[in-house]
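The values are calculated or read from the model by the stated rules, or taken from the named source; none is laboratory data. Fair warning: this is a prediction, and the values are worked out from it, not measured in the lab. Cβ placement follows ideal geometry from the backbone for every residue including glycine, while neighbour counts extend to all protein chains displayed. Heads up: the accessible areas ignore ligands, DNA and RNA and are worked out on the full protein's heavy atoms, side chains in. Shrake-Rupley method; radii C 1.70, N 1.55, O 1.52, S 1.80 Å.
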Amino acid sequence: MLAVVVARGGVLPLGAEESIAEADGQALIIGGGAKEAAQAVTGASALWWSDTGPGLRAGALARVLVGVLADVPLLLLPASPDGRDLAPRLAAALDRPLLAGAVAVRRDADGVVRAQLPRLDDRLLLTVECARPAVATLLPGVRAVPAAGRHPGPRELPLPPLPRLPAALSSSAVSAWARDVEVVEVLEPDPATMDLAEAGRVVGGGAGLVPTGSGAGQGRALFGLLAAVSAALGASAGATRVASDAGWIGYDRQIGTTGVTVGPELYVAFGISGASQHVSGLGSPRHVVSVNTDPSCPMTAMADLGLVTDARELLVELARRFGVPVPEEVRP
Ligand SMILES: Cc1cc2nc3c(=O)[nH]c(=O)nc-3n(C[C@H](O)[C@H](O)[C@H](O)COP(=O)(O)OP(=O)(O)OC[C@H]3O[C@@H](n4cnc5c(N)ncnc54)[C@H](O)[C@@H]3O)c2cc1C
């Protein structure tokens, strides 16, 4: 089993460490700045890198990787944008099934690959068995990562140069999976609208952000302000179930066992108690900040920084400092 991780500009994608842990610590880091990215891996038992240049030409890369990875029975990629682009092409190139968006994958002693795949908006967890080599992608934020341990030191795996296909191809000359689009520009995702599961920074709001007795309009206005301040911080807005049930924010922003599982580097919690159903959807954020009037609540207990203050007042002050307009109805 091997994790195949595509780096960009020397940076590992979200979910890289989790995929490496799921693959028992064995990983190949490819993409631009692969060596630097490999050096940033904190837990691995065997680590290789190959710098395949900037940008991702997934079709050409899959053609090259076939020769190197054909004997590895289970290839696991983080379900990052690049991982989701490369995985189906690798599967097609190797003539293997693709187990997409798994929350757990393993290959047992009997040689059977077993994956758990959430479907129907996470309402169904399918266990899929596959008695032949496979390619899988692992959702970020679904498993813990072992604490940083001893590192074997990454080794270079030389790969042949990526093939350049002629611009004009007859439809039968090259398989569909091997064709690459021409990348004109890569735009950073808008934190306000991007998939919460892929956000590197998340600012969450809970019941404590909205004063008791407020109307739904005030709750929605406060969560609108939370989203605007989050965007100013380069973060996406999330919420507890109390907030989504109250209609203050959409269900797509609810974090937890019955919501989205996130995997940010930074999580800032405004007025969130830290109930287990919420915290279980947080993944393993590197930094947690809790804003709460109760210094002993579970959210503050697990935070690196606890700010014991009124969440709404702090949010309004942050908005003022970032130049974000504050609606009349949410002013303290
Ligand atoms: C089957 C099931 C599934 C669930 N799934 C989920 C889920 O997916 N996601 C989820 O989030 N929850 C889920 N829940 C609900 C969960 O148990 C909690 O009820 C919920 O997470 C609590 O949300 P909260 O922290 O916003 O509210 P509360 O628990 O009410 O906490 C509010 C916090 O705000 C603080 N506070 C109060 N006033 C202020 C102020 N002025 N300034 C700052 N802080 C203040 C309080 O001290 C408190 O810590 C689920 C429950 C069940 C039973």
The number of residues in the stretch 67-84 that are in a helix (DSSP H, G or I), more than 13 Å from ILE20 (Cβ to Cβ) and open to solvent by less than 10 Å² (accessible area, probe 1.4 Å) is 1
Against the definition (part of a loop (DSSP other than H, G, I, E, B), within 19 Å of the chain's Cα centre (by Cα) and among the hydrophobic types (A, V, I, L, M, F, W, C)), how does LEU56 come out, yes or no?
yes
Next on the checklist: Just to be sure before I move on: is GLY43 touching a residue at least 12 places away in the same chain (Cβ under 8 Å), crowded, with 19+ Cβ neighbours inside 10 Å and touching an Asp or Glu at 6+ places or on another chain (Cβ under 7 Å) in the structure I sent?
Outcome noted: no
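Considering each of GLY217, GLY274, GLY263, GLY281 in turn, give the residue that is touching a residue at least 60 places away in the same chain (Cβ under 8 Å) and near the ligand (Cβ under 9 Å from one of its atoms).
On inspection, the qualifying residue turns out to be GLY281.
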Practice problem: Taking ARG114 as the residue in question, decide whether it is at pLDDT 95 or above and either surrounded by 21 or more Cβ atoms within 10 Å (Cβ to Cβ) or part of a strand (DSSP E or B) (or both). | Solution: yes
If we keep only residues of the stretch 151-201 that are at pLDDT 80 or above and in a helix (DSSP H, G or I), then the residue most open to solvent (accessible area, probe 1.4 Å) is GLU198
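Go over the candidates LEU94, LEU90 one by one and state the one that is open to solvent by less than 10 Å² (accessible area, probe 1.4 Å) and either at pLDDT 95 or above or closer than 26 Å to PRO154 by Cβ (or both).
LEU90
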Reported set for the stretch 208-257 where residues are modelled with pLDDT of 95 or more and polar (S, T, N, Q) is SER230, SER236, THR240, SER244, GLN254
When restricted to ALA27, ALA100, ALA93, ALA44, the only residue assigned to a helix (DSSP H, G or I), of a type outside the set (D, E, K, R) and in the same structural domain as ALA144 (by TED's automatic domain parsing) is ALA93
Does any residue of the stretch 54-66 turn out to be closer than 22 Å to PRO161 by Cβ, open to solvent by less than 10 Å² (accessible area, probe 1.4 Å), in contact with a Gly (Cβ under 9 Å, 6 or more places away or on another chain) and touching a residue at least 60 places away in the same chain (Cβ under 8 Å)? yes
Pairing a residue in the stretch 311-330 that is under 19 Å from VAL291 (Cα atoms) and assigned by TED's automatic domain parsing to the domain that holds ALA216 with any residue that is modelled with pLDDT of 95 or more and among the hydroxyl-bearing types (Ser, Thr, Tyr), where Cβ atoms lie under 9 Å and the two sit 6 or more apart in sequence or on different chains, gives ALA311/THR293
